[in-house]
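First, the structure itself, so that you have it in front of you.
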Amino acid sequence: MSKKIIILNGSPRINGNTQGLIDAFTKGAQQKGHEVICFNLEQLKIHGCLGCFGGGKDRKSPCVQKDDMLKIYPKYIKADVVVLASPMYYWGFSGQLKCAFDRLFAVAECEANYENPKKECLLLMASEGDGDENSKPILDYYEALLKHLNWKNLGDIIAGGVLKIGDIKNHKALEKAFELGISL
Ligand SMILES: Cc1cc2nc3c(=O)[nH]c(=O)nc-3n(C[C@H](O)[C@H](O)[C@H](O)COP(=O)(O)O)c2cc1C
């Protein structure tokens, strides 16, 4: 069955290493007939969550802030799979991705007890550091996040050892990302 996949790309470098992972994943997913839409968050105007707990009154426009999240909400609501794509910044997501992700809370605000929509999720990340010690903080965070949301993890790929644009070329994680896309 064809799935709707939304990619939230938190990398400000549009031809960067995260984009390499996204391209490989997308190629695999599209080859299987899945519908993929990618939002390059850096190119959108997305403000940080105000923590006002005032959203959730209108499903079409769930947040009190009216910015480019309005482009993302309808695709997010319909998506089967959410792809969190980001460079590793200080062992976490980039600010661009964190801002957008926090704002998805407005969708949960539409439901009783802030129930989150059911999704499958996967993580694509590029990082300068390599190895388990470097990946552990973000993988622990990702696991805690999905546990809270009650989302299923379809996979987490961290391409380590990449710093400059182009470093991702021929990285073994590209093959993994393609395989992950085709496995859906
Ligand atoms: C502000 C900043 C913070 C970073 N923090 C980390 C880090 O904590 N761990 C790490 O391994 N790499 C870190 N990096 C390196 C990036 O993750 C790496 O350059 C990555 O390949 C960038 O992906 P991009 O090409 O998609 O922008 C950091 C880079 C920047 C600019």
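Determine which member of the set 108, 112 is hydrophobic (A, V, I, L, M, F, W, C) and open to solvent by 70 Å² or more (accessible area, probe 1.4 Å).
From the options 108, 112, the qualifying one is 112.
Something else: Determine whether the range 73-81 contains at least one residue that is within 16 Å of the ligand (Cβ to nearest atom), touching a residue at least 60 places away in the same chain (Cβ under 8 Å), under 16 Å from residue 5 (Cβ atoms) and assigned to a strand (DSSP E or B).
No.
Moving on. Would you point out the residue of the range 100-127, among those that are farther than 24 Å from residue 43 by Cβ and outside any loop (DSSP other than H, G, I, E, B), that is nearest to the ligand (Cβ to nearest atom)?
Here the answer is 120.
Here's the yes/no breakdown for (1) of a type outside the set (Ser, Thr, Tyr); (2) open to solvent by less than 10 Å² (accessible area, probe 1.4 Å); (3) assigned to a helix (DSSP H, G or I); (4) away from the ligand (no atom under 16 Å from the Cβ):
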{"residue": "20", "(1), (2), (3), (4)": "yes, no, yes, no"}
{"residue": "39", "(1), (2), (3), (4)": "yes, no, no, no"}
{"residue": "42", "(1), (2), (3), (4)": "yes, no, yes, no"}
{"residue": "50", "(1), (2), (3), (4)": "yes, no, no, yes"}
{"residue": "67", "(1), (2), (3), (4)": "yes, no, no, yes"}
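Give the residues of the range 143-163 that are open to solvent by less than 60 Å² (accessible area, probe 1.4 Å) and not in a helix (DSSP H, G or I), sorted by residue number.
151, 154, 155, 157, 158, 159, 160, 161, 162
Given 53, 39, 101, 105, which one is over 23 Å from residue 5 (Cα atoms) and aromatic (Phe, Trp, Tyr)?
Being over 23 Å from residue 5 (Cα atoms) and aromatic (Phe, Trp, Tyr) holds for just one of 53, 39, 101, 105, which is 53.
Residue by residue, here is whether (1) modelled with pLDDT of 95 or more; (2) in contact with a strand residue (DSSP E or B) (Cβ under 9 Å, 6 or more places away or on another chain); (3) more than 24 Å from residue 150 (Cα to Cα) holds:
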{"residue": "43", "(1), (2), (3)": "yes, no, yes"}
{"residue": "51", "(1), (2), (3)": "yes, no, no"}
{"residue": "62", "(1), (2), (3)": "yes, no, no"}
{"residue": "65", "(1), (2), (3)": "yes, no, yes"}
{"residue": "76", "(1), (2), (3)": "yes, yes, no"}
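Can you tell which of 140, 167, 130 is away from the ligand (no atom under 13 Å from the Cβ), charged (D, E, K, R), surrounded by fewer than 22 Cβ atoms within 10 Å (Cβ to Cβ) and within 25 Å of residue 16 (Cα to Cα)?
140
The values are calculated or read from the model by the stated rules, or taken from the named source; none is laboratory data. Computed from a prediction, not measured in an experiment: that's the story for all the values here. Methodologically, a virtual Cβ is constructed for each residue, glycine included, from the backbone with ideal geometry; neighbour enumeration extends over all protein chains shown. For accessibility, only protein heavy atoms count, side chains too; no ligands or nucleic acids. Shrake-Rupley method; radii C 1.70, N 1.55, O 1.52, S 1.80 Å.
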